[in-house]
Amino acid sequence: SWLPEGGSAGFGAGYVYAELPFELSVPGLDRPFIGAIDLLEIANKGRYGTHPRISDYKTTRDFKWAKTADDLKNDTQLLLYSRVVFDWLPNVDEVLVRHVYILTDPSRPDGVPAHPQSMTIGAGVTREHADAWWANAVLPAVRDMCLDELESMDSCLPGNTAACRDYGGCPHLSYCPL
């Protein structure tokens, strides 16, 4: 979904996409990566310039588990999201990525602390960095996987149906042989 002329404080007028679904094709794999970006902001102007900003929301019991800015630059999930945005926006050379950590309180029935707290960690990811990650990590892993044919799955990966219905259900459920 999207909100025209949205934006957040200091980001400037532009577009805000929440829970933005994507499919990313992978050479050598007959099924795409699929997912949804929690929040994508594309600014026309603002203190962040025109770099798109990808936000991923995380809940935590303690901020000590927060990743550093350097960790975010090499985070598989954020690099995948970056790659998606670079594919969508070919003239963009850098995206801003961030984790927005929201503190939870397991002692409360709703998990929400009496005094809600959040923390944001961000970093920049260049197209060059995302392309190198894709070429050096993703593509070799795909070559090593034996998922070219779904039928060959039995011979290389043990079946696991424990999570088939989690998070709205597996998108492969209709044709999965397990």
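The values are calculated or read from the model by the stated rules, or taken from the named source; none is laboratory data. Nothing here was measured: the structure is a model prediction, and the numbers come from that model. Glycine also receives a Cβ, built like all others from the backbone with ideal geometry; neighbour counts cover every protein chain displayed. Please note that ligands, DNA and RNA were not included when accessible areas were found on the heavy atoms of the full protein model with its side chains. Shrake-Rupley method; radii C 1.70, N 1.55, O 1.52, S 1.80 Å.
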Leaving out ligands, DNA and RNA but keeping every protein chain, what accessible area does SER118 have, in Å² rounded to the nearest 10, with a 1.4 Å probe? 80 Å²
Which ³J(HN,Hα) values, rounded to whole Hz and listed in residue order, are derived for segment 88-101 from phi using the Karplus coefficients 6.51, -1.76 and 1.60 in 6.51 cos²θ - 1.76 cosθ + 1.60 with θ = phi - 60°, glycine and proline given as x? 6, 10, x, 8, 8, 10, 8, 10, 9, 10, 7, 9, 9, 8
Listed residues VAL100, TYR81, ALA69: farthest to the positive end of the dipole of segment 45-104 (Cβ charges): VAL100
HN-Hα J in Hz across segment 38-43 - Karplus 6.51, -1.76, 1.60, θ = phi - 60°, x for Gly and Pro: 3, 8, 10, 10, 10, 9
If amide H atoms are modeled at 1.01 Å from N in the peptide plane, then the residues at a separation of 5 or more from GLY14, or on another chain, having amide H under 5 Å from its own are GLU5, GLY6, ASN44
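Would you mind getting me the FRET efficiency between TRP88 and ASN160? Use the beta-carbon distance for r and R0 = 35 Å, nearest 0.05.
Numbers: r = 32 Å, r/R0 = 0.92.
FRET efficiency, TRP88 to ASN160: 0.65.
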Summed over the other residues with a beta carbon less than 13 angstrom from that of LEU39, with K and R at +1 and D and E at -1, the charge totals -1
Calculate the spin-label point distance for ASP110 paired with TRP65, positioning each point 7 Å from the Cα along the beta-carbon direction, and give it in nanometres. 2.1 nm
